[in-house]
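The values are calculated or read from the model by the stated rules, or taken from the named source; none is laboratory data. This is a predicted model, so every value here is computed, not measured. Quick reminder, even Gly has a Cβ in these numbers, built from the backbone with ideal geometry, and neighbours come from all protein chains shown.
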Amino acid sequence: MKISRNSYQIDRFPTGDSAQLVPLDECFLSSDTLIEDVVTVCNEEAVYNILFERMLGGNPYERSNAEWWFGWSRDGWMSGTHSVWALMKDDHIFGAINLKNIEGTTAEVGYWCSAKEPGYMTNTLNQVLEIAREAGFKTIYAWVRPGNERSGKVLLRSGFEFKGLRPYESTAFPDPEAEYYEIQI
């Protein structure tokens, strides 16, 4: 499937401030500042505890992790295995969203965002759902670690249905089950 590589304006709720959703493809140039932005956000307590603490064995998210992530993002666009976008404002990254585990017309969505920039993720997810729909996807799903109410609320606001707890194996989640959400687009 051909996924749009355009950039999009994302408005913050409820203020209307805006950010840019930018594809992290082979045309995107990372810099020391952007790498440090990713390191900073991924070490914020909520993001780190939910996504990285188990995977990194309790060690901090480091520059090498961010450099790997930028490379993984570019490689996904080039190979067609996944698509990653950064949320940016004032030339700084404060969040990201991706479509991954693509199988036919189905894909998984995942995201993270700085707690210092609330109000963007629902509109960001809605934009990525529209990009996915235009590309021909029919089903998008998400896994949420139990207790991550903020992420579940984002999904519900975007029209996802909570399908229940399901067995889940992950390098990130220590839980044997995760909340499963799905939407038909």
Residue pairs within 6 Å by beta carbon, gap of at least six or interchain, first lying in segment 140-162 and touching a residue at least 60 places away in the same chain (Cβ under 8 Å), second assigned to a loop (DSSP other than H, G, I, E, B) and surrounded by 14 or more Cβ atoms within 10 Å (Cβ to Cβ), listed first then second, are R145/F173
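Return the only residue of S4, S30 being under 17 Å from G71 (Cβ atoms), surrounded by 12 or more Cβ atoms within 10 Å (Cβ to Cβ) and of a type outside the set (F, W, Y). Give the steps one after another, and end with the answer.
On the way: S4 fails: under 17 Å from G71 (Cβ atoms).
It is S30.
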For A86, indicate whether it is surrounded by fewer than 19 Cβ atoms within 10 Å (Cβ to Cβ) and small (G, A, S).
no
Go through segment 1-20 and give me each residue that's under 20 Å from M78 (Cα atoms), in contact with a Gly (Cβ under 9 Å, 6 or more places away or on another chain) and at pLDDT 95 or above.
I3
Exactly one of (1) over 23 Å from L56 (Cβ atoms); (2) modelled with pLDDT under 95; (3) not charged (D, E, K, R) is unmet by A178. Its number?
(1)
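Residues checked against (1) surrounded by fewer than 19 Cβ atoms within 10 Å (Cβ to Cβ); (2) among the aliphatic types (A, V, I, L, M); (3) modelled with pLDDT of 95 or more:
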residue	(1), (2), (3)
L129	no, yes, yes
T139	yes, no, yes
G152	yes, no, yes
L156	yes, yes, yes
T171	yes, no, no
